[in-house]
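Nothing in this text is a laboratory measurement; each read-out follows from the coordinates by a stated rule. Owing to the predicted nature of the structure, the values given are computational and were not obtained by experimental measurement. Ideal geometry is used to build each Cβ from the backbone, glycine not excepted, and the neighbour counts take in all protein chains shown.
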Amino acid sequence: MSTRLRTSLLLAPATAWLLAMLVLPLVVVAVFSFGERAAAGGYSAAFTLENFANLGARWAAFKNTLMLAPAGTLMCLIIAYPLAYYLAVKVDPKWRTLLLILVIVPFWTSILIRSYAWIYLLGGQGIPKLISTLGFGNPRLINTPFAVLIGITYGYLPLMVFPIYVSLERLDKRLLEASADLGSPPWRSFLQVTLPLSTPGVATGCMLVFILLMGEFLIPAMLGGGKVFFVGNALVDLFLQSRNWPYGAAVAVALVVIMLVTVTAYMRFTRRWAGGRDDVSLM
Amino acid sequence: MGAESLTGDDKSSIAELRGATKRFGAVVAARNINLSINRGEFLSFLGPSGCGKTTALRMLAGFETPTEGDIYLDGQRVNDIPPHQRPVNMVFQHYALFPHLTVAENICYGLRQRRPRPPAVEIEAAVNRALETVRLPGFGPRRIWEMSGGQQQRVALARAIINEPKLLLLDEPMAALDKKLRHDMQIELQTLQRKLGITFILVTHDQEEALSMSDRICIMLDGGIVQIGSPRELYDRPKNRYVADFVGKSNFFEGKVTSVSGETADMRGAGGISFIGHASAGIATGQSAIASLRPEQISLSRGSGDVPVTVVNRIFLGEHTEYLVQNPDLGQFLILASRQAEAGEGNLEPGETGSVRWRDGAALILNND
Ligand SMILES: Nc1ncnc2c1ncn2[C@@H]1O[C@H](COP(=O)(O)OP(=O)(O)O)[C@@H](O)[C@H]1O
Ligand SMILES: [Mg+2]
């Protein structure tokens, strides 16, 4: 058997899976987006651009997603980097595994349950009460963009911590010694050596979190109380409530296009940033 | 070591270790090291892997603080001065070049850390000079992974010397190079050291490298210094069997000292065979001792003599031939015969018999420790 044939055969199950589960649904969605809503809801075949022309009606969902997904990614990055640095560099190795497990422990419970916890924490009986008791006014947290931001940051933090942790853990400690040897104080060595060499992890983490956040719907639904909704929530609404499948499909296509554009731009940017290195993995 | 070299105000000393000891838990990596390094010299730390060479170097660079004892640089005690404030640069064992920077950026890294930072044109000129010095002109824009092992080694060297350190530390810089390249690099390094006038401290486990390059060699064992001296001193007057064995090849024969006169001792080995030569300090009549006899100091001939031998093996080395011979009393030992010596006698084949001789004074009588 030729190597080529053998490779094709070995790859056949994966190829079939990808075709059936990824490409086919995408094609269906694309086709639907040009159709019309059937009288009783669902899809009826047609070719119209009306669904796309009406996208503006869901502008708020796009706006929220396009603001909170990058903001959530940034928040995750700001919190995850020092945490990953501590875990990879500073902590006593004998505690490291335990602490790494603690980072993923939240994943052992459903995000649904954890979001309920946040509803309570951010609701009237939670943190706002504490703040008002301390005499700092009477803030409202639940059902605000801020609540959603906290929720998504909390939910996606581990996905940012791990890639950064790996890139910091792999960093050759002798490079920092070389930097010190050449006259650089520790903080400058961090900026000149550690930070640039951890960009692959940062890039991977940001990409991972950003892409998943663009499709998020559960956390905004629970912590945004119907006021702060994402494109994901619009899709749930269009497909399951108003059963306007073609319009929903058009919204989905628009989201995919936006993601493709931002991700491509981002990859271009990070590649240039990394100075054209081949060893920078961008997922 | 003389007491005056320990005073610190000795103007010829650029660096000093005084009773420096470094422990890692139960491991004593460096054991009471006393060493004064002369300005402008080429000094080597020679010893087997794990004997504490890197630790000694790292104490000078500031990466390790001695558990006991002091480190002096240029007369100043530097125990508490961090590496980035020491006028010392190091070529790391596996170079530790910055993979995210180009060759030129790696080389100018040290200059860019200076405050105030030198002007860009000056930095560029210095980089170009350094690239010339290590014979890599025009390689500045290259990426590190595009460079071969030998080229990376030169980049590491350029990165260190551009700072004009008072002390350049080299940790087995040639270990990863192939033999031919290593030899070229040894010569280059030596030339460079003379040209720059910087004090070099080289760590190596390769005795040939240490012998050919150094002004002085510091032989180490188990974290401590066994003997310090010029290559010739160490070769001609090794303090003990360990040094004699480490610096050049030698044959060792056990026996008893029958007489000592002045610095010369006579030792009788197995079969009453006599070894006469320079006695180490403390050798006394009647004690058991070891005679060290270099292979090139033994001559082999066809005729019969006091020490008959049978040739066991013969290796042709070009200018020399190495014989492994067997004597009923002394066992097996090595002889290095020059081509010239062989021309007269004709060479012996394995299995043939002959006899060996050495002149009085050729042996070294060492303490049996
Ligand atoms: N950071 C460290 N922690 C524990 N032991 C160490 C450390 N560095 C060196 N050692 C030990 O100290 C001894 C000397 O090591 P080193 O100076 O690296 O030797 P060399 O360079 O001569 O091969 C070795 O036994 C080594 O295992
Ligand atoms: Mg070493």
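Points worth noting:
- Rounded to the nearest 20, the size of the Cβ-charge dipole of region B:211-344 about its Cα centre is 40 debye, with Lys and Arg at +1 and Asp and Glu at -1.
- In chain A, taking the dipole from charged Cβ atoms about the Cα centre, the farthest positive-side position among A:SER2, A:GLY155, A:SER198 is held by A:SER198.
- Rg/Rh for chain B, where both radii come from Cα atoms and Rh is the Kirkwood radius: 1.06
- Computed from the Cβ-Cβ distance with R0 of 41 Å, the FRET efficiency linking B:ASP245 to B:ARG194 stands at 0.85.
- Over region A:58-207 - Rg/Rh using Cα atoms and the Kirkwood inverse-distance radius: 1.07
- Cut-off 13 Å between beta-carbons: net charge of the residues surrounding A:LEU121, Lys and Arg +1, Asp and Glu -1: +2
- Here region A:1-104 is assigned +1 on the Cβ of each Lys and Arg and -1 on the Cβ of each Asp and Glu. Its dipole about the Cα centre then comes out at about 400 debye.
- Legend: helices of chain A (whole DSSP H runs) are marked when their alpha-carbon atoms reach 20 angstrom or more along the helix axis and their mean Kyte-Doolittle hydropathy is at least 1.0; marked are A:59-85, A:145-170, A:199-214, A:245-273.
- Residue by residue along B:109-117, Cβ atoms of other protein chains within 10 Å of the local Cβ number 4 on average.
- Positive-end ranking of A:GLY56, B:GLY110, A:LEU223 along the dipole of the protein assembly as shown, with charges on Cβ about the Cα centre, is headed by A:GLY56.
- Between A:VAL261 and A:LEU66, full extension at 0.36 nm per residue minus the direct alpha carbon distance yields a gain of 68.9 nm.
- Divided by 2.2 N^0.38 Å, where N counts the residues, the Cα radius of gyration of the protein assembly as shown comes to 1.44.
- Scoring A:94-105, A:208-219, A:27-38 by mean Cβ neighbours within 10 Å over their residues and listing the highest first yields A:208-219, A:27-38, A:94-105.
- Against the main long axis of the alpha-carbon atoms of chain B, helix B:179-196 sits at an angle near 60°.
- Peptide B:81-93 has a mean of 4 when you count, residue by residue, the C-beta atoms of other protein chains within 10 Å of its C-beta.
- Separation in nanometres of the label points that stand 7 Å from Cα toward Cβ, at A:ARG6 and B:SER274: 7.6 nm
- Treating each Cα of chain A as one equal point scatterer and applying the Debye formula with no solvent, the log10 of I(q)/I(0) at q = 0.11, 0.14 Å⁻¹ comes out as -0.86, -1.17.
- Rounded if a/c under 1.5, otherwise prolate or oblate - region B:249-367, Cα gyration tensor axes: prolate
- Antiparallel bridge percentage (DSSP; both residues within the protein assembly as shown; nearest 5): 75 percent
- Placing a label point 7 Å from the Cα of B:SER212 along the Cα-to-Cβ line, the residues of region B:175-199 whose backbone N sits under 18 Å from it are B:175-194.
- Region A:185-219 residues near the modelled A:ILE79 label - backbone nitrogen below 16 Å, point 7 Å along Cα→Cβ: A:206, A:209-210, A:213, A:219
- On Cα atoms only, tilt of B:149-161 relative to the major axis of chain B in degrees: 60 degrees
- Charge sum, other residues only, whose C-beta stays under 14 Å from A:ASN233's C-beta, Lys/Arg counted +1 and Asp/Glu -1: +1
- Using R0 = 45 Å, the C-beta based FRET efficiency linking B:ARG143 and B:ALA26 works out to 0.55.
- 20 Å Cα-Cα threshold exceeded, pairs from A:LYS94/A:LYS173; A:LYS63/A:LYS227; A:LYS94/B:LYS22: A:LYS94/B:LYS22
- Label-to-label distance for A:LEU212 and A:LYS227 is 2.8 nm, based on points extended 7 Å past Cα in the beta-carbon direction.
- Gyration tensor (alpha-carbon) shape descriptor, region A:1-145, a/c threshold 1.5: oblate
- Working value for region B:61-188: equivalent-ellipsoid semi-axes of 26, 20, 12 Å, each the square root of 5 times a Cα gyration tensor eigenvalue, largest first.
- Charge dipole (Cα centre; +1 on Lys/Arg Cβ, -1 on Asp/Glu Cβ; no other charges) of the protein assembly as shown amounts to roughly 2760 debye.
- Using alpha-carbon coordinates, inclination of helix B:120-133 to the longest axis of chain B, degrees: 20 degrees
- FRET efficiency, B:GLN287 to B:ARG77 (Cβ-Cβ, R0 45 Å, nearest 0.05): 0.55
- Solution diffusion estimate, µm²/s, Stokes-Einstein, region A:137-222, Kirkwood Rh from C-alpha pairs, 37 °C, viscosity 0.692 mPa s: 214 µm²/s
- Between B:ASN368 and A:ARG271, the modelled labels are 7.5 nm apart [label points 7 Å from Cα along Cα→Cβ].
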